[in-house]
1. 7 Å from Cα along Cα→Cβ at both Lys246 and Arg304: what's the point-to-point distance in nm?
2. If I stretch the segment between Asp18 and Ser161 completely, what's the gain in nm (0.36 nm per residue apart, minus their alpha carbon distance), one decimal?
3. Starting from the Cα-Cα distance between Ile74 and Lys145, subtract it from 0.36 nm times their residue separation and give me the gain in nm to one decimal.
4. So, in nm, how far is label Lys58 from label Lys43 when the simple model puts each one 7 Å beyond its Cα toward the Cβ?
5. At a 10 angstrom cut-off on C-beta neighbours, averaged per residue, how do the peptides 200-208, 239-247, 333-341 rank from highest to lowest?
6. Which order do peptides 154-166, 382-394 fall in by mean Cβ count within 10 Å, highest first?
7. Past 23 Å, Cα to Cα: identify those pairs from Lys327/Lys360; Lys277/Lys360; Lys337/Lys388; Lys152/Lys233, in the order given.
8. Per 0.36 nm of contour for each residue apart, how much would the distance between Asp368 and Asp50 grow if the chain were fully extended, relative to their Cα-Cα spacing?
Amino acid sequence: MILKNQIITNIKIESVNDIYKLKPFLEDGTLKIHKSQIARELKVDRRTVDKYINGYTKPETRNWHDCITLFYDIMAELLSDRNQQVFYYRKVLWQYLVDNHDFTGVYCNFCHSLRNYPEFDSYFRKGRPSNTNQVTVRYETPMGKQAQLDWKESIPFTLSSGETIDVNIFVLLLSYSRFRAYRVSLFKTQDIRFSFLDDALETFGGVPDEIVTDNMKTVMDEARTEYSAGKVKNKFQPFADDYGFKVQPCIAGHPHTKAKVEAPMKILDEIRAYNGKLNYRERVELVTRINNRVNAQVNQGIGRIPLMYFNREKAFRNSLPADTIRKPYQITTNTVKVNHSSMFYDKGCQYSVPPEYVGKIVSLQVYDGYIPVYCNTEFITIPPLSSKKLNYISEHYAAIARKSHIFKDEHIMDRAKENLEIIGKVYDYE
């Protein structure tokens, strides 16, 4: 094997990589080397000059250490088929380890190390569709011009109690700064959408000129297509008029039109990593932490931190409407105490709950003609609004009667219906 020698043919020093040429003169003492003068001219430390004279060369690749070894057992359990937690992306697993297991490795090192563990790396390669052939046109909007709206709907989530619920996550994102606001709900009704929009715009401190949305049923009566402008829902257009923004629907089948908000929604797949670990309140708190984290991190699309550009954009947003206009769109939470009749009051009317909640404080929210009732974050019941003074659900009344032991078990439902006919009822009982 013939190796090429590096023979010095000149002693011109233009960078630290040329300093090695001075070593022969230093060894035989034929030339005095003024290391401090060389350091000043090259604008480096004198110790750097000394290091390069002795033959140091900068490595072409970085040294890295395997940051996974100490966490192998934890990762094996998390990525096991037996585990109900789901990690859609490597970034989700890395963030979970950082947040819950004191992992300190940087993300790029983590991904590099992961390739050395096929049993883990293959987990993230299953059924991943390729979109490398898709072409999209990038565009940006000026400050205050646009926000993009989306819902991540019906996400199945297993609570720590073992109960599986479907949750919906709302996001409104400012197109210029990429600052966003997430909100969580068990329902996805029009009233909830109005309340979340009002809350997000209040967080933003103003209203953009337009809001881009897809053709969701709570916004559009007729979808926008390449040949039709579509039709905004009669109830949503007055909301847009009241707040002073233009509704800009995407063309159906072209989700890349609002790609700025589509991509951040993938971040919310992180919540699947906590399946079976959190109750509902903790889950809402998790979404809030994710929200604050992504607003404080460098956005890869624009290379800047959303939170830092958020206040700069604030001056270009339009003012919020008066409180009298906003109030009908806001959903407020009231707390009441369940009385000894296992009922609670709302605007002079009483509604029943199961008897185990007697004496407890419950939370109420009124929207879409119904009253969802919660104890802490546990859903109890959802009676319709009524003008009647007493509103019993027959199952609740029967449970109250069973607990009071005034009827025999086999006659409870019949006697309950008889009594409800006397005291008045809100539903038609069968």
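1. Using points 7 Å along Cα→Cβ, the separation is 2.3 nm.
2. Between Asp18 and Ser161, full extension yields an extra 44.7 nm.
3. Difference between extended and current length: 20.9 nm.
4. Once both label points are built, they end up 1.4 nm from each other.
5. So the peptides 200-208, 239-247, 333-341, ranked by packing, come out 200-208, 239-247, 333-341.
6. So the order, starting with the most tightly packed, is 382-394, 154-166.
7. Lys327/Lys360; Lys277/Lys360
8. Fully extending the segment from Asp368 to Asp50 adds 106.8 nm.
Each value in this text was obtained by applying a stated rule to the coordinates, not by laboratory testing. Everything quoted here is computed from the prediction, not taken from an experiment. Neighbour counts run over all protein chains shown; Cβ positions are idealised from the backbone, glycine included.
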